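Undergrad: Please find one structure pasted underneath; my questions will follow.
All of the numbers you see were taken from the coordinates with simple rules; none came from a lab. Because the structure is predicted, anything quoted here is derived from the model rather than measured. Heads up, the Cβs are rebuilt from the backbone with ideal geometry, glycines too, and the neighbour counts pull from every protein chain shown.
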Amino acid sequence: MSAINDSRFQSQVFFLTGIPGQEHNYLWISVPFCLMYAVSIVGNSFIVFVIKTNPSLHEPMYILLSMLAVTDLALSITTMLTTLRIYLLNSREIAHDACFTQLYFILTLICIESSVLLLMAFDRLIAICDPLRYTSILTPRRLAKMLLVCVLRGVVLKLPLPIHLKQHQYCREIIPTRSYCTNGEVMKMACSDITFNIFYGLWIALLTEGLDSLLILLSYVMILKTVLNITSHTQCLRALNTCVSHLCAVLSFYTPYISVTVMNRFMKSSSPLAQILLGYIYVMFPPLLNPIVYSVKSKHLRARIVRIFVRRQGNERPKTQAKASCSTCILSSEMT
């Protein structure tokens, strides 16, 4: 009996769930997933390309936007690998090391995205409350240091979670309600004591995403206080309009994040389907919505995108005209 248990504990694979009971519809379910991942990857890649190739966009606001796009791009790729493999190939196995690696990248990227959203809130705070000192406060060197701190914070603080999870023994192999590995779901399958993961994960979440959300809220309280003191109604609306894109990004990130956290911690008897849908919204909607919102709302970014497409159309027209003129010359020479 002990030998059976030992072989059970030493299994080197987990099995991801997908959507239980819908296995016969996986091919159809994969269609919207493929579309969402395609829009996320192409949209975020295009934003990074436009900002990188246009020196006029090398400003703090757009540098932070490019960092947000890079984070969203990495998050989409991290979850896409296992999600599409389940729904397209019905392949649910994932090795322990691969699961812990994916778990670590998801935790780290979520932490980095929260940090970048906080820096973007700080950027809007300085631009509205102290515009004369904007360039002197957010210098390129200082901005690079803040981004480096954001990345290191996520990389270092989230590292103990997968390391400690790897040391556990596991009684179950099937990861419930997910097509990717998360800290909460993997912990449920452990046979040994997971107290460290529970308390460390909770405190780190409060010190990172929780603290970031409070600071973002405080930033917008100060922004509103400054904007409401502006006498001109037009200037007031103009100042608030510069924050719309960031507010959409904050809501698309923190709303599903808080919902998933509350459901996992305090509503463990909730519907598995609701947990699955919130889990997908949690990791897929921010990378999907952010490039769309910023491309529509940012006037300078939208102008650069339009200019790229207009330039391509302008380059194609001379080619078609040249081909037409060549064909005319050939016809005239044949007639003579």
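Undergrad: Pick from ILE112, ILE230, ILE216: which is most flexible by mean-square fluctuation in a GNM of the chain where alpha carbon atoms under 10 Å apart are linked?
TA: Highest fluctuation among the options: ILE230.
Undergrad: Now for a different question. For a quick size check, give me the Cα extents of region 12-300 along its three principal axes, largest first, whole Å.
TA: On the principal axes, region 12-300 reaches 63, 40, 34 Å in Cα extent.
Undergrad: Along region 215-230, what does the Karplus equation 6.51 cos²θ - 1.76 cosθ + 1.60 (θ = phi - 60°) give for ³J(HN,Hα), rounded to whole Hz, x for Gly and Pro?
TA: 5, 5, 4, 5, 4, 6, 5, 5, 5, 4, 4, 6, 5, 5, 7, 6
Undergrad: Which whole-Hz ³J(HN,Hα) couplings does region 235-241 yield from phi under the Karplus relation 6.51 cos²θ - 1.76 cosθ + 1.60, θ = phi - 60°, glycine and proline marked x?
TA: 5, 4, 5, 5, 5, 5, 5
Undergrad: Once phi is turned into ³J(HN,Hα) by the Karplus curve 6.51 cos²θ - 1.76 cosθ + 1.60 with θ = phi - 60°, what whole-Hz value does each residue of region 187-198 show in order, with x for glycine and proline?
TA: 4, 5, 8, 6, 8, 8, 5, 10, 4, 4, 5, 5
Undergrad: Any of LYS145/LYS166; LYS145/LYS299; LYS158/LYS188 with alpha carbons more than 25 Å apart? Name them for me. List each step's numbers first, then the result.
TA: Working: LYS145/LYS166 32 Å; LYS145/LYS299 28 Å; LYS158/LYS188 18 Å.
LYS145/LYS166; LYS145/LYS299, as the Cα separations exceed 25 Å there.
Undergrad: Considering amide H positions built from the backbone, and no H for Pro or chain starts, which residues 5 or more places from TYR170, or on another chain, come under 5 Å of its amide H?
TA: CYS191
Undergrad: Could I ask something else about it? Considering the zone a paramagnetic label at ASP193 would reach in this model (a point 7 Å from Cα along the Cα-to-Cβ line), which residues of region 151-187 have amide N under 17 Å from it?
TA: Only 164-170 pass the distance filter.
Undergrad: So which residue, out of TYR134, TYR37, TYR62, gets the largest mean-square fluctuation from a GNM of the chain using Cα contacts under 10 Å as springs?
TA: Taking springs between Cα atoms under 10 Å, the residue moving most is TYR134.
Undergrad: Once both axes come from the Cα atoms, what is the angle between helix 244-266 and the longest principal axis of the chain, in degrees from 0 to 90, rounded to 10?
TA: 10 degrees
Undergrad: Going by alpha carbons, how many degrees (0 to 90, nearest 10) lie between the helix axis of 60-89 and the longest principal axis of the chain?
TA: 50 degrees
Undergrad: Ignoring everything except DSSP H segments at least 4 long, calculate the 222 nm mean residue ellipticity for the chain; use -39,500 (n - 2.57) per segment, divide by total residues, nearest 500.
TA: Numbers: 14 runs with 258 residues, N = 336.
Helix contribution divided over all residues of the chain: -26000 deg cm²/dmol.
Undergrad: Cα axis of helix 299-335 to longest principal axis of the chain: angle in degrees, 0 to 90, nearest 10?
TA: 60 degrees
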